[in-house]
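Visitor: A single structure is presented below for examination.
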């Protein structure tokens, strides 16, 4: 039985990055021998075991054979005679196909170290084409290592285009697509993931609502970058630069979907794009089974971000509509995340990275005034018309807040 560290831990160690999780491959062992040695079996599709002390994952060396479309259409083979080289040959990228033995020696049959030094994401072999998830994984790595200047090898990009043309990505299950997109959105430069997906044609299949934004113009005065797709990527990267959570990053990605379906006769204006964005977003979230926290924040961002940008000019009635529409009183933390997404929309424009955005503090101050109201007292004084009385009190409070702001 021989054990080797493989994959991300070896890659990140060579890059000088912190190693989070270590995975190992075991050569020359049977499942029965692993159990006898105290390892706990956990693999559903193929033999994977947890170390009895460290609880790190140890997988038996394996080969695989494609039997059906999609990423689940594989038959795996494990036995003591499967070699390390055979196991590494089935891996996705050369930088992930480096192994390290227990003495520290590196086994690198596919040139992964050279690709790490030159910053290239390159497929190991033709087996890459058998698993469409690898397109998403590669795009995610592009987002992770964008600050190091990594690029996709030309031959790998051509291979990915062929996979898309062959319809492989159409067999991806929604949960796996969302899982990889969510991971990519949480990388340092999420826009790079979408750049790679678009370059190989996968974005049009996986997220057509986002792909449709490219080439759609906006007013050069408010959007000097003009292209809506470019703007959305700037917004997403702005959210990443502030280390904001996944719901905010997803809201940043989807806030302007409606602009992708604006009739050309209206360009560069996009009347009513907010409501259209909500409709497209709902369909996208249902298709990919997006978690509720991401979906709900994205919905209110798509619907209300334009009103937030114009908050300083809102009437008390319109401001109350925004606060009620976003459920700000009951969900103040989500409201802060919503405002953070709106701020990213403001900053994510060419030349606006440092432009003031007082709307955020203005609306938070307005919300604090509503929190100061004695809702129990209002309800007790108006038992027959509680909702109307509360709405009237909120409106009066907001009007007083705005009048006070005008005099200071």
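Visitor: What tally of residues in the range 191-201 results from selecting those that are closer than 12 Å to residue 138 by Cα and in a helix (DSSP H, G or I)?
Guide: Total satisfying the criteria: 6.
Visitor: Got a sec? Which of 87, 92, 81 is surrounded by fewer than 17 Cβ atoms within 10 Å (Cβ to Cβ) and at pLDDT 75 or above?
Guide: Details: 87 fails: surrounded by fewer than 17 Cβ atoms within 10 Å (Cβ to Cβ); 92 fails: surrounded by fewer than 17 Cβ atoms within 10 Å (Cβ to Cβ).
One residue alone meets the criteria, 81.
Visitor: Taking the range 10-25, which residues are closer than 16 Å to residue 54 by Cβ and in a loop (DSSP other than H, G, I, E, B)?
Guide: Of the range 10-25, the ones closer than 16 Å to residue 54 by Cβ are 19-25.
Within the range 10-25, 19, 20, 21, 22 meet the criteria.
Visitor: Let me ask something else about it. I'd like the full set of residues that are exposed (fewer than 12 other Cβ atoms within 10 Å of the Cβ) and within 25 Å of residue 331 (Cα to Cα), limited to the range 386-408.
Guide: Residues of the range 386-408 that are exposed (fewer than 12 other Cβ atoms within 10 Å of the Cβ), as a first pass: 387-388, 403-404, 406-408.
387, 388, listed by residue number.
Visitor: May I ask you to list pairs of residues, at least six apart or on different chains, whose Cβ atoms are under 7 Å apart, with the first in the range 145-159 being on the phi < 0 side of the Ramachandran plot and without any contact (Cβ under 8 Å) to a residue 40 or more places away in the chain and the second being surrounded by fewer than 19 Cβ atoms within 10 Å (Cβ to Cβ) and assigned to a loop (DSSP other than H, G, I, E, B)?
Guide: Cβ pairs passing all conditions: 150/119; 151/119.
Visitor: A further question follows. Which one is farthest from residue 100 (Cα to Cα), of the residues in the range 26-58 that are in contact with a helix residue (DSSP H, G or I) (Cβ under 8 Å, 6 or more places away or on another chain) and outside any loop (DSSP other than H, G, I, E, B)? Show your work before the answer.
Guide: Step one: of the range 26-58, the residues in contact with a helix residue (DSSP H, G or I) (Cβ under 8 Å, 6 or more places away or on another chain) are 26-27, 41, 47, 49, 58.
Next, only the ones that are outside any loop (DSSP other than H, G, I, E, B) stay: 26-27, 41, 49, 58.
Details: 26: 12, 27: 13, 41: 23, 49: 19, 58: 14 Å.
Looking at the filtered set, the residue picked out is 41.
Visitor: Given the criteria over 26 Å from residue 94 (Cα atoms), at pLDDT 95 or above and part of a helix (DSSP H, G or I), does residue 236 qualify?
Guide: Answer is yes for this residue.
Visitor: Taking the condition out of contact with any helix residue (DSSP H, G or I) (no Cβ under 7 Å at 6 or more places or on another chain) and touching a residue at least 60 places away in the same chain (Cβ under 8 Å), does residue 231 pass?
Guide: Criteria met by residue 231.
Visitor: Here are 329, 280: which of them is in contact (Cβ under 8 Å) with a residue 40 or more places away in the chain and within 27 Å of residue 205 (Cα to Cα)?
Guide: Numbers: 329 fails: within 27 Å of residue 205 (Cα to Cα).
The unique qualifying residue is 280.
Visitor: OK, next. Take the conditions touching a residue at least 60 places away in the same chain (Cβ under 8 Å) and either on the phi > 0 side of the Ramachandran plot or in contact with a helix residue (DSSP H, G or I) (Cβ under 9 Å, 6 or more places away or on another chain) (or both) and apply them to residue 201. Does it pass?
Guide: no
Visitor: Need a quick list: helices (runs of 4 or more DSSP H) entirely within the range 255-355 having at least 1 residues that are surrounded by 18 or more Cβ atoms within 10 Å (Cβ to Cβ) and more than 22 Å from the chain's Cα centre (by Cα). Explain how you work it out, then say what you get.
Guide: Details: elements: 273-288, 292-309, 316-325, 332-347.
Counting at least 1 such residues, we get 273-288, 292-309, 316-325.
Visitor: Within the bounds of the range 206-218, is there any residue that is farther than 21 Å from residue 255 by Cβ and either without any contact (Cβ under 8 Å) to a residue 24 or more places away in the chain or in a loop (DSSP other than H, G, I, E, B) (or both)?
Guide: No; the residues of the range 206-218 include none that is farther than 21 Å from residue 255 by Cβ and either without any contact (Cβ under 8 Å) to a residue 24 or more places away in the chain or in a loop (DSSP other than H, G, I, E, B) (or both).
The values are calculated or read from the model by the stated rules, or taken from the named source; none is laboratory data. Just so we're clear, the structure is a prediction, and the values are computed from it rather than from any experiment. Backbone-built Cβ (ideal geometry, glycine too); neighbour counts: all protein chains shown.
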